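**Student:** Take a look at this one; I'll ask things after.
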Amino acid sequence: MECSQCGGRGLIVRGDKAYLCPTCRRRKIKARILALSKLTPQMRKYTFDRFDFRFYSPYLRDEEKGITYYESARRAVEAAKAFVRDFLSGKAEEGLIFTGAVGSGKTFLACCIANAVLDAGREVLFLVVPDFLDEIRASYDEEGAFSEQEILLTAKTVPLLILDDLGAFIYSEWARQKIYSLLDYRLNHRLPVVVTTNVRLEDLGESLGERTISRLIALCRPYRLLVEHDIRILLRQEKEADRRF
């Protein structure tokens, strides 16, 4: 869309002086922040007002806490909204970790946080942990690509980091060290992290190591999302049913 202020030139000329167009500048900043986030177009659609509580049973209960799946999801969403408010006001002293089975809404909720922060014009980096580690490995072989140090530095210093799918694998010592270094830096510099994992918090130590888990617990408050069935499968079934009618 052509800028109504400068006609797409990027400059506004008044007399013998030229000024950078503020509208174009804001657009460029927004585009840069969005590119940094690594959110896909589909993930940009995941917002708090689209979080669907109908997938969380008001009857089934979390055996550990004694609350319903619905109540557990409600608490997680409220915590996510409160985190966004605190982050935007500079008061986010700790992050969040969402645990739960595959298809329980963890990534969706993490994207809700990311999109709320992005829409406020703030920087966030959304990393799928296996892809992040692959990107570091690839940096060893690609000339002209980002170096390992540059990739890690961005993840270490971005105002808000979201780590999706942490702990789903048995990591090598190399991978453990990268994750430890990242979390240790953010803990020491009081930079918040939001994490999702399919693994129960008490079992993460097996794949990540006790040092990393110690930092993760110090960085994040845990919330659990519980579902009876994989939400992705249910949504697929609904789409197929709609096509038949």
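**Student:** Scan the helices (runs of 4 or more DSSP H) fully inside the stretch 75-180 and keep the ones with 3 or more residues being within 30 Å of PRO58 (Cα to Cα) and out of contact with any strand residue (DSSP E or B) (no Cβ under 9 Å at 6 or more places or on another chain).
**Tutor:** Per the criteria, 106-119.
**Student:** I'd like to check something: does the stretch 109-127 contain any residue that is exposed (fewer than 13 other Cβ atoms within 10 Å of the Cβ) and touching a Leu at 6+ places or on another chain (Cβ under 7 Å)?
**Tutor:** The answer is yes, given that some residue of the stretch 109-127 is exposed (fewer than 13 other Cβ atoms within 10 Å of the Cβ) and touching a Leu at 6+ places or on another chain (Cβ under 7 Å).
**Student:** State which residue pairs qualify: first residue farther than 30 Å from LYS91 by Cα and in the same structural domain as LYS106 (by TED's automatic domain parsing) and inside the stretch 147-175, second residue in a loop (DSSP other than H, G, I, E, B) and of a type in the set (S, T, N, Q) in any location, beta carbons under 6 Å apart, and separation of 6 or more residues or different chains.
**Tutor:** ALA168/ASN198
**Student:** Being outside any helix (DSSP H, G or I) and under 28 Å from GLU123 (Cα atoms) is the filter here; which residues of the stretch 205-245 pass it?
**Tutor:** If the condition is that a residue be outside any helix (DSSP H, G or I) and under 28 Å from GLU123 (Cα atoms), then CYS220, ARG221, PRO222, TYR223, ARG224, LEU225 are the ones that fit.
**Student:** Does the stretch 87-96 contain any residue that is closer than 25 Å to ILE231 by Cβ, at pLDDT 95 or above and surrounded by 18 or more Cβ atoms within 10 Å (Cβ to Cβ)?
**Tutor:** yes
**Student:** Continuing with the same structure: Does any residue in the stretch 70-84 that is more than 14 Å from PHE51 (Cα to Cα) come within less than 9 Å, Cβ to Cβ, of a residue that is part of a helix (DSSP H, G or I) six or more places away or on a different chain, and which pairs are these?
**Tutor:** PHE83/ILE113; VAL84/PHE48; VAL84/CYS112; VAL84/ILE113; VAL84/ALA116; VAL84/VAL117
The values are calculated or read from the model by the stated rules, or taken from the named source; none is laboratory data. If you're wondering where the values come from, they're calculated on a predicted model, not measured in any experiment. Note that we place each Cβ from the backbone using ideal geometry, even for glycine, and neighbour counts take in every protein chain shown.
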